[in-house]
Amino acid sequence: MWFSVTERIKQVLIRPLWDMGCRLADLQDMPMLAPSLVIMDAEGAEEELLDPAKVPASRHAHIVVEVHDFTGSGLGAGLVARFAGSHAITEITTRIRRLEDFEHPRSIWLRRYLLPSLQAFASECRPGLMQWLVMEPCAAN
């Protein structure tokens, strides 16, 4: 759910597409005001939706995208290549959680006993490590 400080900010700056059916045409038709922020978790459709040749406004947008690259498709590398000329890109990759990462339960013995379950919850039961790309438009862009 999106929250905004004022209704005007919500109307002008935040345009969520929650219908689970965002298509390329939706992004092409969406006016992206400068600066724009795109937060995307598209369950594998990132390759189609994040294409600056098809959505020119994305060249000027700040973008945070969860990359579903655990299939070995090279999707993350492809997105980095697409936006390397227009954005500074930071890659963030998950890691396997350790006992020290969990503060609760407070009892160390109970935490050790529950560690496999805690790790499963923290990993969202994903088939591999996840990656996010944080892409910030270059000033000259």
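The values are calculated or read from the model by the stated rules, or taken from the named source; none is laboratory data. Everything numeric in this text was worked out from a predicted model, so none of it was measured. Cβ atoms come from the backbone with ideal geometry, glycine included; neighbour counts cover every protein chain shown.
Of all residues in region 57-73, those that are over 15 Å from Thr93 (Cβ atoms) and modelled with pLDDT of 85 or more total 6. If you go through region 93-129 and pick out every residue that is among the aliphatic types (A, V, I, L, M) and within 19 Å of Ala45 (Cα to Cα), you end up with 1.
Residues of region 119-137 that are assigned to a loop (DSSP other than H, G, I, E, B) and in contact (Cβ under 8 Å) with a residue 12 or more places away in the chain: Ser123, Arg126, Pro127, Gly128, Leu129, Met130. The set of residues from region 42-66 being in a loop (DSSP other than H, G, I, E, B) and farther than 13 Å from Pro137 by Cβ comprises Ala42, Glu43, Gly44, Ala45, Leu50, Asp51, Ala53, Lys54, Val55. Each residue in region 5-41 was checked for being loosely packed, with under 13 Cβ neighbours inside 10 Å, modelled with pLDDT of 75 or more and part of a helix (DSSP H, G or I), and 1 of them qualify. Of all residues in region 48-71 being of a type in the set (D, E, K, R) and over 10 Å from Gln28 (Cα atoms), which is surrounded by the fewest Cβ atoms within 10 Å (Cβ to Cβ)? This residue is Glu48.
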